[in-house]
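Have a look at the structure below before the remarks.
The values are calculated or read from the model by the stated rules, or taken from the named source; none is laboratory data. All values reported here derive from a predicted model rather than from experimental measurement. Glycine also receives a Cβ, built like all others from the backbone with ideal geometry; neighbour counts cover every protein chain displayed. Calculation scope for accessible area: heavy atoms of the full protein, side chains included, ligands and nucleic acids excluded. Shrake-Rupley method; radii C 1.70, N 1.55, O 1.52, S 1.80 Å.
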Amino acid sequence: MPRPLTPNERDLIVYILGQSSSFYGDFDLVEDMNDGGMGSLRFMGSADRLWGKCIGEAEFDDADGVLVSVALNIDQRGELFELDLWKVDFSPLQRIAALAELRPPMSGRRGISE
């Protein structure tokens, strides 16, 4: 069921988009993805959308201290597609960190390529 972004989700997306000057657009409504509770979101759009590429990444530590790796993905048309959160121990996400706690990923940790 579509829902609006939370303030911390919006801050996370804006933080990542700040690293990529190639995307500007609207990203208000999302759906929670079935990912075992790790917090991934799919942006609302047409049904024929396909993953295109990763346009930015971030990371933060969850409330339990476990690393959360984040990738912002666009579809084949260049529109926001997914906010992919991956908790490295596969446990459910406890929170999305505040803006001050977000940081660029350490290179090579997740191996995402464009």
Qualifying position, being touching a residue at least 40 places away in the same chain (Cβ under 8 Å), assigned to a loop (DSSP other than H, G, I, E, B) and over 15 Å from Glu9 (Cα atoms), among Gly78, Gly45: Gly78
Leu93 being touching an Asp or Glu at 6+ places or on another chain (Cβ under 8 Å), closer than 21 Å to Met106 by Cβ and part of a loop (DSSP other than H, G, I, E, B): yes
Candidate set from region 69-100 (those that are under 15 Å from the mean Cα position of the chain (by Cα), open to solvent by 20 Å² or more (accessible area, probe 1.4 Å) and of a type in the set (D, E, K, R)); member that is farthest from Arg42 (Cα to Cα): Arg95
